[in-house]
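The values are calculated or read from the model by the stated rules, or taken from the named source; none is laboratory data. These figures come from a predicted structure and were not determined experimentally. Ideal geometry is used to build each Cβ from the backbone, glycine not excepted, and the neighbour counts take in all protein chains shown. Keep in mind that these areas ignore ligands, DNA and RNA; they rest on the heavy atoms of the full protein, side chains included. Shrake-Rupley method; radii C 1.70, N 1.55, O 1.52, S 1.80 Å.
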Amino acid sequence: MGLEGRSFGTSLWLGLKWFKSSWSRVRLAFAILSLLTANFTIVSFTLFPGGEILPIASIIVIMAVAFAAIMLHLVKLSAQDLGLLKALGAKRGTLTFAVLIELTLLGLTSAFLGLAAGLLTLILLEGLTVFRIFILQILYLEVASAIAGSLTGAFFVWRYSRKTVAEILANAG
Amino acid sequence: MPVDRVILRLEHVKKTYNGQGKPLKVFEDLNLEVRRGEFLAIFGPTGCGKTTLLNLIAGFDKPEAGKIYVDGQEITRMPESRLVELRRKKLGVVFQTNNLIPSMTVFENVELPLVLSGVGRSERKKKVEEVLKAFWISNYAERKVATLSVGECRMVSLARAMVTDPEIVLLDEPTDFLDALTVDLMLASLKGKLMQGKTIIATTHRGRLTKVAERVIRLKKRLP
Ligand SMILES: Nc1ncnc2c1ncn2[C@@H]1O[C@H](COP(=O)(O)OP(=O)(O)OP(=O)(O)O)[C@@H](O)[C@H]1O
Ligand SMILES: [Mg+2]
C-alpha cells in the first residue's frame, strides 16, 4: 500500500514548511526557550555542582512547564491553519505528526543552543573546571523537557482536530 | 456500470445553530438534487445560509437531521477519516474568506492539496504550474500570499481548489471583492477548459453569477 510512508512524507513536508514559514512567529519562542535552557545550565552547574538531583529536578519541572506553555501557545496560534488543512483533506494523524515534527525541531534546536550558550558562559567565567560528569544528565533533562513540550503541543492538536472543520474555523476566528 | 446521474442529494436536512442566545434555525427541511456536470448558483441575501449549505455539503459541518449523499455516499454519519478522504478525492473548495496560508508562497498554497494526497514532487510542480497559468497567476508563484491583493488571493484560492482536478467544486461568493473586469475573467474561467464536466456549486448575493449558471436556486432568509 505504501500508505504509511506517504503519510510520513506528508507530515514531514508540512512540519518543515510550517517551521520555515512561521519562523517569524517561532523565533521569539526560540529565543525564550534557548535563554531558559542556558539559564538552567548555568544554575545547575553553579548552585548544584555535585549534581544534587532534587533541586535540579524541581527547576527542570519549571522548564518543562515553560516549554509546554510556549508550544501550546504556538499551536493555538495556528488553529486556523489546522482547520484549513483538515478541510483540504489532511488526516488527524498527519496533522498531529506534522506539529510534533515542527515542535521537536524547535525544542531540540533551542535546547542545544541554550546548553551550548550556558556552557560557554561558564567556561568564560570559571574556566574549564566546570566540566563534570553530569553534563550528560543536564543534556538529558533539557532534551526531555523539550520533548515533553512537543508532546503537549501535539496532544492538543490530536484532541483539537477531532472537531469539525466548521467548528475549528469558527473558533479560530 | 452506469454512473449515477445525480452527484449530490440532500434529503430533509435540518440545521440549527445553538450558539449565543436562542437557537437559530437555518434549514428546517431542505431538499436538493444536483446533476453531474451541472453549474448551480445558490442565490440569496446575507445570512440566509449559503455558507452553511456549502459547509454541510463538504462535510465541514453536520446537520441535526436528514441525509446528504455525495456521489452515492451518505456523509452525515461517515467517520471522519473517510470523510477526509472523500474531500481530498472529490471536492475542491473556495472559501468565502479564501483561507490561504499567508506566510506561504502562492506555489506552496496551491501545492498543499497535492501534498496531502501524496503526489510526488515533479508531478506536483507540473500540475501547480498548469493551474496557475489557467488562472493568470503564474507570475506570482513565488510571492508570499500575504503580499497579494484581494482579487489575486481569490485566483490563488481557485487554483488551489482546482489543482486536484475535483469532480465537485464548491465556490463561496467567488465574485466578491472583484472588479467588473476580473469578475468577467473569473466567470469565463468557470466556463473554461479546466472546468469542463465539473459539477459547480457557487453561492452569490449578486446577479452576475446567476446569469452564467445553468440553474439558480433561491434561499430566503428566515425572519426571527
Ligand atoms: N457558527 C455559528 N454559530 C451561530 N450562528 C451561526 C454560525 N454560523 C452561521 N451562523 C448564522 O447562521 C445564519 C446563516 O449563516 P451563513 O454564514 O450560512 O450565511 P450566508 O448566506 O453565507 O451569508 P453571507 O452572504 O453574508 O455570507 C446567519 O444568520 C449566521 O449568523
Ligand atoms: Mg456566506
Notebook entry, point to check: At a Förster radius of 22 Å, what calculated FRET efficiency corresponds to the Cβ-Cβ distance of residue B:215 and residue B:188, to the nearest 0.05?
Noted result: 0.70
Margin query: Please list log₁₀ I(q)/I(0) at q = 0.16 Å⁻¹ for chain A, using the Debye equation with identical point scatterers on the alpha-carbon positions.
Written below: -0.89
Check: Distance from the Cα centre of the stretch A:58-97 to that of the stretch B:1-69, in angstrom?
Finding: 32
Next item on the list: Provide a whole-number value for the mean count of partner chain Cβ atoms within 10 Å of the Cβ atoms in peptide B:107-118.
Entry: 5
Notebook entry, point to check: Expressed in whole Å with the largest first, what are the equivalent ellipsoid semi-axes of the stretch B:6-131 derived from the C-alpha gyration tensor as the square root of 5 times each eigenvalue?
Noted result: 30, 18, 15
Next item on the list: Grab the alpha carbons of the stretch B:128-224, take their convex hull, and tell me the volume per residue in Å³.
Entry: 125
Check: Between B and A, buried accessible area summed over both sides at probe 1.4 Å, in Å² to the nearest 100?
Finding: 2200
Check: Which of these, B:43, B:177, B:107, has the largest mean-square fluctuation under a Gaussian network model of chain B (Cα springs below 10 Å)?
Finding: B:177
Margin query: I'd like the mean, over residues of A:38-48, of how many other protein chain beta carbons sit within 10 Å of each residue's own Cβ.
Written below: 0
Check: Using a probe of 1.4 angstrom, how much of the accessible area of the stretch B:6-218 is carbon and sulfur, in percent?
Finding: 52
Notebook entry, point to check: Under the rule of -39500 (n - 2.57) per DSSP H run of 4 or more residues, summed and divided by the residues of chain A, what mean residue ellipticity at 222 nm is obtained, to the nearest 500 deg cm²/dmol?
Noted result: -29500 deg cm²/dmol
Next item on the list: Provide the percentage of antiparallel DSSP beta bridges, counting only those with both residues in chain B; round to the nearest 5.
Entry: 50
Note to self: How many angstrom lie between the Cα centre of the stretch B:148-205 and the Cα centre of the stretch B:76-116?
What the structure shows: 15
Next item on the list: Find, among the trypsin sites (Lys or Arg not before Pro) in the stretch B:25-67, those assigned to loop by DSSP (not H, G, I, E, B) with at most 16 other beta-carbon atoms within 10 angstrom.
Entry: B:36
Notebook entry, point to check: Within 10 Å of each Cβ of B:51-62, how many other protein chain Cβ atoms are there on average?
Noted result: 3
Next item on the list: Would you mind giving the average projected area, over all directions, of the Cα convex hull of the stretch B:6-218 in nm² with one decimal?
Entry: 12.0
Item checked: Surface accessible to a 1.4 Å probe, per residue, for the residues of the stretch A:41-121, Å² -> 38
Item checked: Cα principal axis extents for the protein assembly as shown, largest first, Å -> 82, 48, 43
Next item on the list: Per DSSP H run of at least 4 residues, take -39500 (n - 2.57); add these up for chain B, divide by its residues and hand me the 222 nm value, nearest 500 deg cm²/dmol.
Entry: -10000 deg cm²/dmol
Next item on the list: Putting +1 on Lys and Arg Cβ atoms and -1 on Asp and Glu Cβ atoms, find which of A:93, A:109, A:35 reaches farthest to the positive end of the dipole of chain A.
Entry: A:93
Notebook entry, point to check: If all Cα-Cα distances of the stretch A:74-157 are sorted into 10 Å bins from 0 onward, what percent lands in each bin, rounded to whole numbers?
Noted result: 17, 36, 22, 15, 8, 2
Note to self: Test of the criteria: in the stretch B:77-148, which trypsin sites (Lys or Arg not before Pro) are in a DSSP loop and have at most 11 other Cβ atoms within 10 angstrom of their Cβ?
What the structure shows: B:77
Next item on the list: With +1 on each Lys and Arg Cβ and -1 on each Asp and Glu Cβ, and nothing else charged, work out how big the dipole of the protein assembly as shown is about its Cα centre, in Debye to the nearest 20.
Entry: 1180
Check: What value does the stretch B:127-176 have for Rg/Rh, both radii from Cα atoms and Rh as Kirkwood defines it?
Finding: 0.95
